[in-house]
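Structure first, then comments.
Each reported figure results from applying straightforward, stated rules to the coordinates on display, with no laboratory input. A quick note: this is a predicted structure, and the numbers were derived from the prediction, not measured. Glycine gets a Cβ as well: all are built from the backbone with ideal geometry, and neighbour counts include every protein chain shown.
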Amino acid sequence: MSDILHETRGPVAWTTLNRPQARNAMTFAMYEGLFEQAKAVAENPAIRAWVITGAGGKAFAAGTDISQFKEFRTGQDALDYEARIDRVLSAIEDCPKPVIAAIAGACTGGGLGIAGVCDLRIAAANARFGLPIARTLGNCLSMANYARFAALIGPARVKELVFTARLVEADEALKAGLVSELLETPEALEARAMELATHIAGLAPRTLTATKFALKRLRQAAGTIHGDDLVTMCFGSQDFQEGVKAFLEKRAPNWTGN
């Protein structure tokens, strides 16, 4: 069975990240599947809303599959990776149809990046959110993702998430505005996501498109800020190599600052 599933439910496109055995950790093929689906949703006039969710009820997506970092050796490897991922996130963000993330379980790292570019996020009570990169791999976000998260929850909360490497429970995420609604169970979450998407599908499409694009333009008004040096500093470090190795060996990394 495919690691990413797409179906159509009336005017709603429904995408399921389908690696529950790996907490739906994202492979490059899955990222590419999201990119292609974003194009398909944008080009299909019969689709009026899009839901992205994770299979199994225990994770939306627990980041990028770490095994794909084993071959990283240089800062350029990191820049190529970030460009590849930003291409996917931008396609979701720029989709003219409203996009809803229905989140149960872990939503961390790259998974939070995907949820963060959706227009609405609703969650089950078991959802947990975080950017634990200072504890796991010792890498950093791209400038585009720092900007996205800062616009979503504010710079202070972004720093707190990264600096503590902790996971935020669903009720705290609701209070922070990261999600707009909580449901008791993953099953209730799926039903509510469909109900919400169907409701949105019946509203004025151009109003919704104009609103999402206007808010993105406001975020971008400060201009483009260079950040490639920060990405290469982290991904090109000995600490990053140690982080990947330690993660795959299921042990705590030994950070040296090099």
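Dividing the alpha-carbon Rg of the range 108-258 by 2.2 N^0.38 Å yields what? Cα Rg divided by the expected 2.2 N^0.38 Å: 1.21.
Listed here are the pairs K58/K245; K39/K216; K97/K212; K58/K97; which of them are more than 20 Å apart at the Cα?
Details: K58/K245 25 Å; K39/K216 18 Å; K97/K212 9 Å; K58/K97 27 Å.
Those over the limit are K58/K245; K58/K97.
Ranked by the mean number of other Cβ atoms within 10 Å of their residues, highest first, the peptides 52-58, 152-158 come out as 52-58, 152-158.
Taking other Cβ atoms within 10 Å as a rough exposure proxy, C107, C118 sort from fewest to most as C118, C107.
Comparing A191, A123, A42 in a Gaussian network model of the chain where C-alpha atoms under 10 Å apart are linked, the largest mean-square fluctuation is found at A191.
The orientation-averaged shadow of the Cα convex hull for the chain, equal to a quarter of the hull surface, comes to 13.2 nm².
Highest first, please rank the peptides 142-150, 160-168 by the mean number of other Cβ atoms sitting within 10 Å of their residues. Could the numbers behind the result be given before it?
On the way: 142-150: 19.3, 160-168: 16.8.
Highest-to-lowest ranking by the protection proxy: 142-150, 160-168.
Other residues whose C-beta falls under 13 angstrom from the C-beta of N139 contribute a net charge of -3, scoring Lys and Arg +1 and Asp and Glu -1. Applying a 4.7 Å cutoff between beta carbons, the unpaired cysteines of the chain are C95, C107, C118.
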